[in-house]
Amino acid sequence: MHFDNQAKEWDNDPGKHERAKVFADEIKQYIQPQATWTALEFGSGTGLLSYYLKDAFGEITLADTSEGMVKVLQEKIEREGIKNFKPLLIDLLESGNSLTNFNVVYTLMTLHHIHDLDKVAQLFHSLLDDGGFLCIADLVKEDGSFHVAHPGFDGHKGFDKEELASIMQKNGLALQHYKICYEIEKNTAGEKKKYPLFFMVCKKNG
């Protein structure tokens, strides 16, 4: 519901565009996608990250659980005539994996909302082709103040690199690359605070 309510204004925030572009550039630089590759954005929202990757992949499936976000995404696709986007209103963790395998799965600021990290790691593994890449962009472990304005938030307070890499490794996704490459600045309790974001790449072993 929270994201449904925010959907119409989501793309008006320059900071969201900036971080999407930063992580799109990181993905392109590290993965070097081929034009025939398929990708899945997990928790795509309005598709900002995929928008900056639309020319890098042959086809991109954009999956989200928020009806409001997917509606805004569909309007954007129609308005701009984007031919290689496939929007899906779906909860992949609940519906099981009915999708075909992808060369790359990527996700931006979604993982900290997912309670069961083992379950989502298993899902990512099942969605990827052998040798496929998983790209995660999310919060470095923080003190819980990032979501102070959302008292109902019950997700993760960011992630420790070794702990997250260990969960992925246990589920057949080997750490290839890790880099802190962005900061979100927020006014928290009257003071400006910076929250670093990491970019992690894991590879599915055969």
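The values are calculated or read from the model by the stated rules, or taken from the named source; none is laboratory data. For clarity, every value in this text was computed on a predicted model and none was experimentally measured. Backbone-built Cβ (ideal geometry, glycine too); neighbour counts: all protein chains shown.
A few notes on this one:
- Count of region 188-197 residues, restricted to those that are under 30 Å from residue 104 (Cα atoms) and either free of Cβ contacts under 8 Å to residues at least 24 places away in the same chain or loosely packed, with under 10 Cβ neighbours inside 10 Å (or both), is 1.
- Residues located in region 6-47, provided they are assigned to a helix (DSSP H, G or I), farther than 18 Å from residue 186 by Cα and not charged (D, E, K, R): 7, 22, 23, 24, 27, 29, 30, 31
- Cβ-Cβ under 7 Å pairs, at least 6 apart or on other chains, region 29-43 side free of Cβ contacts under 8 Å to residues at least 24 places away in the same chain, far side outside any helix (DSSP H, G or I): 35/58; 36/58
- Only a single item in (1) assigned to a strand (DSSP E or B); (2) aliphatic (A, V, I, L, M); (3) surrounded by fewer than 18 Cβ atoms within 10 Å (Cβ to Cβ) is not met by residue 200, and it is number (3).
- Of the strands (runs of 3 or more DSSP E) lying entirely inside region 53-127, those containing at least 3 residues that are without any contact (Cβ under 8 Å) to a residue 60 or more places away in the chain and over 19 Å from residue 171 (Cβ atoms) span 59-64, 85-89.
- When the residues of region 123-153 are filtered to those that are modelled with pLDDT under 95 and touching a His at 6+ places or on another chain (Cβ under 8 Å), the one that is surrounded by the fewest Cβ atoms within 10 Å (Cβ to Cβ) is 152.
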